[in-house]
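Here the structure comes first, spelled out in structure tokens, and everything after it is commentary.
The values are calculated or read from the model by the stated rules, or taken from the named source; none is laboratory data. No experiment lies behind these values; they were computed from the predicted model shown. Counting neighbours? That spans all protein chains shown, and the Cβs are built from the backbone with ideal geometry, glycine included.
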Amino acid sequence: MEVILVQDVDHLGKAGERIKVRDGFSRNYLIPNRLAVPATAGGLKFLEAKILRAEQKRVQEKEAVTELEARLREWTCVLKAKVGAEGKLFGSVTRQDLHAELQRAGFQVDRRRIELPGPIHHVGEYQVQVRLHPEVTTTFKLVVTPA
């Protein structure tokens, strides 16, 4: 039976591919789990509609993130930390610290999308990168000052 994959399936193919599989495998596994649709005119229409919806959703997400990216690029984060001799921090600045500061400033950013330039153990200015979307990445300025 010929089917069109709706999602990537390990050892079988990628989404959108038209493949030939055994009838029982398609009837009992692929189609009930919504991993594939039969390769008919209706199945092709279904797949095209799904691809169109996914593209529209991606465009909407990118537009929403673009505004956030512009605001975030202009923002400067100032963190006060306890400092010892020679400007060295007690501890370090972490993603959690930056995420909390972003939340206080009104930015809704996933903590895992914040990329630090390396361990921050000293007072100073740093550029922090944030991946807002697979196609949109921005940086903001982080200033660590003594408390």
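Taking the options Val37, Val21, name whichever one is without any contact (Cβ under 8 Å) to a residue 40 or more places away in the chain, over 25 Å from Glu55 (Cα atoms), assigned by TED's automatic domain parsing to the domain that holds Glu55 and of a type in the set (Val, Ile, Thr).
Of Val37, Val21, the one residue that is without any contact (Cβ under 8 Å) to a residue 40 or more places away in the chain, over 25 Å from Glu55 (Cα atoms), assigned by TED's automatic domain parsing to the domain that holds Glu55 and of a type in the set (Val, Ile, Thr) is Val21.
Out of (1) within 30 Å of His122 (Cα to Cα); (2) of a type in the set (Gly, Ala, Ser); (3) surrounded by 11 or more Cβ atoms within 10 Å (Cβ to Cβ), the odd one out for Gly43 is which?
(1)
Suppose we filter the range 94-147 for residues that are in contact with a His (Cβ under 8 Å, 6 or more places away or on another chain) and surrounded by 15 or more Cβ atoms within 10 Å (Cβ to Cβ); how many remain?
Of the residues in that region, 3 qualify.
Return the only residue of Thr139, Thr145 being of a type in the set (S, T, N, Q), touching a strand residue (DSSP E or B) at 6+ places or on another chain (Cβ under 7 Å) and within 27 Å of Lys57 (Cβ to Cβ).
Thr139
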